[in-house]
1. Under a 5 Å amide H to amide H cut-off, with H placed in plane at 1.01 Å, what residues pair with V76 once short-range neighbours are removed?
2. Return the calculated 222 nm mean residue ellipticity for the chain, to the nearest 500 deg cm²/dmol, obtained by summing -39500 (n - 2.57) across DSSP H runs with n ≥ 4 and dividing by the residue count.
3. Going Cα to Cα from K41, which aspartates and glutamates come in below 13 Å? Please leave out same-chain ones fewer than 8 positions away.
4. Mind listing the long-range amide H neighbours of Q235? Cut-off is under 5 Å, sequence gap 5 or more, other chains count too, H placed in the peptide plane at 1.01 Å from N.
5. May I ask which of K11/K167; K167/K239; K11/K175; K175/K254; K167/K230 have a Cα-Cα span longer than 25 Å here?
6. Would you please give the residues with an amide H less than 5 Å from that of E261, counting only those at least 5 places away or on a separate chain, with H modeled from the backbone geometry?
7. Counting only C-alpha contacts under 8 Å and six or more residues apart, can you give the relative contact order of the chain as a whole percent?
8. Of the residues V299, V232, V178, which exhibits the maximal mean-square fluctuation in a Gaussian network model of the chain defined by a 10 Å Cα contact cut-off?
Amino acid sequence: MIELQDALRKKEIWAIGGGKGGIGKSLITGNIGITLARLKKKVLLVDADLGGANLHTTLGIGVPEMTLSDFLNRRVENINDVIIKTSIPNLNLISGAQDFLDAANPNFAQKTRLLRHLETLDADYILLDLGAGTSFNILDFFLFSDHGILVVLPEPTAIENAYRFIKSAFYRRFKKVVANQNIKDLIDAAMDQKNTMGIRTPFDLIERVKSMEREVGEILELEVLKFRPKLVVNQVRTKNDVQIGFSMKSACQKYFGINLEYLGYVEYDDCVWQSIRSKRPLVIEYPYSRPARCIERIVHNLLRKEQMTLSMLY
Ligand SMILES: Nc1ncnc2c1ncn2[C@@H]1O[C@H](COP(=O)(O)OP(=O)(O)OP(=O)(O)O)[C@@H](O)[C@H]1O
Ligand SMILES: [Mg+2]
């Protein structure tokens, strides 16, 4: 039974993605989770990377008996049955690990059931560790969350993937608010950067939509303002690497009209892979290391932003 007070608890859902594989999404999700738990917040980590789940390893946990795929495939009905307590107070986990890839691509009904159940859970923060890529499922988890956090490396390939992720998420969000099939088709066509209609940026797309249906174009303009993904630059080695976050922020503003929030960076350090190899979470094994300090700063930035949003509401 879901207690009423659990359901009423004000919780935040944060999704951590980035388009590219192996860039530190799980590492950052796990360690943000531990940092929040140590601040006495009730945290649930969800490994939503169903094709390559390994968040449990980042936390130093073996393959759990019950996983998200048991819930998705209705081997268990209650989501609480797949929640695992970790050794860290206030920190629970839903692992995505599985033997078969049958649930790697949950269908619409499975996804909706999962999100509905997550909303009823007793937690202050639910963190979704997303898989690599820009599949609809990954984008939908990102768009469903209260905060979508993108991880990027200071490398052209990762930056390219991050822009592709932002654009795909953005256009998917557009499609969700539009009912007119002709406009949906136009959005699909605009996804192709080399489309023959000359639509190169969201601005071009909105202008075209306005010429078809002014009101719908205005709704899309509002969506642009509401879409505020956040950015973390991981594996930073130089001052120039730190600056990449600011450059991406300006590029997103200029070409997409999107206000990307630069949350901060995580320095590159050998202690990161050492902690993974020893199966001990970074912020626990090396709490005074530079990457652990960077993660702490990111958490404080996130909490501060949340405080500001709350104070604007009340
Ligand atoms: N700041 C860092 N300093 C040094 N090494 C790092 C850092 N961040 C990540 N790594 C290395 O990158 C590896 C991949 O990290 P992680 O598994 O978190 O990436 P991921 O984006 O979740 O990958 P996947 O797409 O496969 O899920 C880590 O095992 C670690 O060795
Ligand atoms: Mg991962």
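Every number here is computed from the coordinates shown, using simple stated rules; none is lab data. Just so we're clear, the structure is a prediction, and the values are computed from it rather than from any experiment. Neighbour counts run over all protein chains shown; Cβ positions are idealised from the backbone, glycine included.
1. Those lying under 5 Å, H to H, from V76 are F71.
2. -15000 deg cm²/dmol
3. Hits, sequence-local ones excluded: E12, D122, D124.
4. For Q235, whose amide H was placed from the backbone, the distant partners under 5 Å are V266, Y268.
5. In this structure, K11/K167; K167/K239; K11/K175 exceed 25 Å between Cα atoms.
6. K230, L231
7. The value is 21 percent.
8. In the Gaussian network model the winner is V178.
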